[in-house]
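Down below is the structure, laid out as structure tokens.
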Amino acid sequence: MRFAVAAFALGVWLLERQARLPGAALLAALAVLPAAATGLRPLARAPWVRRVAFACAFAVLGFLWAALWGHWRMADRLDPAWEGRDIELTGVVAGLPQPFDGGVRFDFDVESVAPREARVPRRVSLAWYDGLSREEYQAVVPLRAGERWRLPVRLKLPHGQANPHGFDYEAWLLERGIRATGTVRTGPRAGTRERLDAMVLRPGYAVERVREAVRERFWDVLSEHRYAGILIALAIGDQKAIEAGEWDVFNRTGVNHLMSISGLHVTMVSGLAAALMLFAWRRSPSLALRFPAQKAAALAGVAAALGYCLISGFAVPAQRTLYMVATVALALVLDRLSSASRVLALALLVVLLLDPWAVLSPGFWLSFGAVALIFYVGSGRIARPHWLAEWGAMQWAVTVGLAPLLLALFQQVSLASPVANAVAIPVVSAVVAPLALAGAVPPLDFALEFGHWLLEWLMRLLHWLASLEGAVWQQHAPQAWTLLLAFVGIAWMLLPRGFPSRWMGAVLLLPMATVAPEELPRGALALTVFDVGQGLAVLVRTRSHALLYDAGPAWSPDSDSGSRVIVPALRGQGLNALDALVVSHDDTDHSGGALSVMRALPVAQLRSSLPASSGIAQAAPYRIPCADGGAWEWDSVRFEFLHPAMKRYADPGTSANNLSCVLKVSGRHGTALLAGDLEWRGESDLLSRHAQDLHARVLVVPHHGSRSSSTGAFVRAVAPEVAVFAVGYRNRFGHPRPEVVARYEGQGSRIVRTDASGAVHALIDEAGVSVLGQRDRAPRYWHGR
């Protein structure tokens, strides 16, 4: 069974790696294979042949199962003809509304659409920009879960940014059944926004309304408390209630899994309910004779886990734990409870049958990996050690055993995790989380106050641990073959006492940390134009140096492209410092992520046209104004600023866009030109001084392809082989303008757009110019238009 489930999981994982879903003919052909393999299995004499045939059959079944789910989910889609058009939806607010500064975001179950011919998916995610701050929203609460509304909206197909080592937003939407996103139209010509019913009586909506009532109660009771969001997350699973700075502390200390409704908390609630039921059931002889107390306790544990999952919004990590608990309980009730590995395999099968996209979630691998490690170090031992030694062994096993996965998924491991978790797990799981649940009941305000007091003391410890210099190990993303060696090494290291040379397993971990990404040859240069929406961020690398040109936009006070896009990408490539940061000009779509980058890793110098009063300029350890003539060389690659002329800084008539730092990067095999938001006046000034110096094989097109830039003279002077447009998907400015694209196409340039290709990777070396988009580097079937 365990072998079969592992093969089934492999088949599911293989399907989710496909660029396209298999067609009907291929699915029909594959459907014959499991039956053929099962039929031929008895004919094979060698046992290993029978096992391979059996595994192949289940792998194909997993592939087929995930493909069927994929076709079903992908069929529920927005008709591209209705993308960006005004339509009217009638439906129900399906989930917990999430307020943000200036609006609220919510899931919406569509019941009807006008006009009728519009094809709209069953569930969409909407943002309503109502102008309310979070505090104003909490006071007014204009939108509630379970309400039926008629709303004028504009929808678009699911679209997320595609970057190296980045979050796949489109996969996240797919798993949750959200097949379109959009905005509620506002303004006098937008149409009527009308609440039709105060409550739609369905079980799912009733649960969401209860969750909302609990959140509002926490807002009222803990309005002046700093860590109220953590208690909200522990009670109802609203992770967005936790501030971004607090998540940074949790990630650095490795306790992020505790600060929401995690598998550990679900298990804790289930275990507490089971213990109480076992205690009570045993004291009633008549009940114990009718039904065994252990089985009654198991069913009570499942009921408690289900209730906790519902109040958490049935989040995916909580679902996985519920399936595990239910599998164990069912095995116990049916007298099928055998080895721990069989129970774990059965739970894995249930999870994949109900949610084949679970393999896309880091939490899936970490949760099953942690449970498998606990079973591995806790099973098959001759004598049971002292409980404290057993606890320490499990902490050690989980910390070391999950390190390869954490490095592969996030390129960092918290070295402070063992200490932080040793304190945080009992405090949060056994005390704070139960107090948060108890505080959801109106008379029990003291439970919330006491829980918050404990959190304050815990957070002091976590802040101190997070501030330690060596709290986190960060490195490049390990290569696949080094991960396989590391898993073997960990299994060897965690063998029971008595096995010889267990320390030798650590040797197999070394390639994971020491085999670095391949270096560029001297004179070659590589560019990555990140997909940051309507903004710009470009990483320029030579053999041993790295420069970041612009840092993309800030989307909110708590979120920007520096922390969400650039830092994970730099970490994944093994870049722990920047030799230079260039902020081309004072515009938030180019500078919004700069401070986050500077906080995350050392930056040797800042070169920019920013005013000295800028917060970015003041935070830099070493600042140089970018000006025509500034130049240096790294690894036989020359970096040279061509604009602005120094006198332009004193000219009040020069706009920020026309002060953009224009950087020319010249390697042995070609040149790249980065022009910021330069407009036609700036281009004219640049041409007057450097008309003969502008030719480049790769051009990051100025000002995102607006009609105010890329004049005919500039395009002819640069004559790029590749023109890269850094633009946001369906951006409100209409960038790039068709006439600008036509100019570059007329010049013979290859057009590449970040909204279509994702991050653009360009390499200029002895082989010429090679360009590849992130969506082509890692294509998935849900990325298709």
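The values are calculated or read from the model by the stated rules, or taken from the named source; none is laboratory data. As the structure is a computational prediction, the values presented were derived from the model and not from experiment. FYI the Cβ positions are ideal-geometry reconstructions off the backbone, even for glycines, and counts take in every protein chain you see. Just the protein is used for accessible areas: all its heavy atoms, side chains included, with ligands, DNA and RNA removed. Shrake-Rupley method; radii C 1.70, N 1.55, O 1.52, S 1.80 Å.
Would you mind calculating the gained length between Phe291 and Arg730 on full extension (0.36 nm times residue separation, minus the Cα-Cα distance), in nm to one decimal?
Numbers: separation 439, 0.36 × 439 = 158.04 nm, distance 6.18 nm.
Going from the current span to full extension adds 151.9 nm.
Which cysteines does the chain leave without a neighbouring Cys Cβ under 4.7 Å?
When partners are defined as cysteine Cβ atoms under 4.7 Å apart, the chain leaves Cys56, Cys309 without one.
Rounded to the nearest 5, what is the percent of antiparallel bridges among the DSSP beta bridges in segment 626-785?
Details: 20 of 30 bridges.
So the antiparallel bridges in segment 626-785 amount to around 65 percent.
Would you kindly find the accessible area of Ile374, with a 1.4 Å probe and non-protein molecules such as ligands, DNA and RNA excluded, rounding to the nearest 10 Å²?
Ile374 exposes around 60 Å² with every protein chain in place.
If DNA, RNA and ligands are ignored and the probe is 1.4 Å, what is the ranking of Met394, Met259, Met324 by accessible area, most exposed first? Please list the in-between numbers first.
Numbers: Met394 50, Met259 0, Met324 30 Å².
Heavy-atom accessible area, descending, gives Met394, Met324, Met259.
Once you have the Kirkwood Rh of segment 631-785 from its Cα pairs, apply Stokes-Einstein at 25 °C and 0.890 mPa s and quote D in µm²/s. Working shown, then result.
Working: Rh = 16.3 Å.
Roughly 151 µm²/s, to the nearest whole number.
Just one of (i) 98, 67, 60; (ii) 110, 77, 54; (iii) 179, 137, 56 is Cα extents along the principal axes in Å as worked out from the coordinates here. Which one is it?
(i)
Could you tell me the accessible area of Phe100 in Å² (1.4 Å probe, neighbours in place), rounded to the nearest ten?
Rounded to the nearest 10, the figure is 30 Å².
Cα atoms only: what Rg and Dmax, in Å, come out for segment 586-670?
My reading of the Cα-based Rg and Dmax gives 13.8, 40 Å.
Could you work out how far apart the two model spin labels at Val52 and Ala612 are, taking each label as a point 7 Å from the Cα in the direction of the beta carbon, and quote it in nm?
Inter-label distance under the simple model: 7.4 nm.
Using modelled backbone amide H atoms (1.01 Å from N, in-plane), which distant-in-sequence or interchain residues come within less than 5 Å of Leu155's amide H?
Gly84, Arg85
Considering only DSSP beta bridges whose two residues both sit in the chain, what percent are antiparallel, to the nearest 5? Can you show the working numbers first?
Details: 67 of 90 bridges.
The answer is about 75 percent antiparallel.
Just read off the accessible area of Thr192 with the full protein assembly in place, 1.4 Å probe, to the nearest 10 Å².
Approximately 80 Å² for this residue.
Taking Cα centroids, how far is segment 742-785 from segment 147-207 in Å?
When both Cα centres are located, 30 Å separates them.
Normalise the Cα radius of gyration of segment 563-630 by 2.2 N^0.38 Å (N = residues in it) and let me know the number. Could the numbers behind the result be given before it?
Values: Rg = 11.8 Å, N = 68, 2.2 N^0.38 = 10.9 Å.
Ratio of Cα Rg to 2.2 N^0.38 Å: 1.08.
Could you work out the equivalent-ellipsoid semi-axes for segment 404-492, taking the square root of 5 times each eigenvalue of the Cα gyration tensor, largest first, in whole Å? Write out the running numbers ahead of the final one.
Working: eigenvalues 263, 48, 22 Å².
Gyration-tensor ellipsoid for segment 404-492: 36, 16, 11 Å.
Please report the spacing between the Cα centers of segment 611-668 and segment 419-479 in Å, no decimals.
Computed from Cα coordinates, the inter-centre distance equals 45 Å.
Per-residue HN-Hα couplings for segment 71-88, Karplus 6.51 cos²θ - 1.76 cosθ + 1.60 at θ = phi - 60°, whole Hz, x for Gly and Pro?
Per-residue couplings from phi come out as 4, 5, 6, 5, 5, 8, 9, 7, 5, x, 5, 9, 6, x, 9, 6, 9, 10 Hz.
Can you give the relative contact order of segment 78-133 as a percent, counting alpha carbon pairs under 8 Å and 6+ residues apart?
Numbers: 100 pairs, mean separation 21.0, N = 56.
After rounding, I find 37 percent.
Taking the mean number of other Cβ atoms within 10 Å as a proxy for protection, how do you rank 559-568, 707-716, 646-655, 462-471 from highest to lowest?
Details: 559-568: 23.5, 707-716: 19.1, 646-655: 11.2, 462-471: 14.7.
Packing proxy ranking, top to bottom: 559-568, 707-716, 462-471, 646-655.
Segment 509-573: percent of C-alpha pairs farther apart than 15 Å? Walk me through the numbers before you get to the answer.
Details: 1209 of 2080 pairs.
Every Cα pair in segment 509-573 considered, those over 15 Å come to 58 percent.
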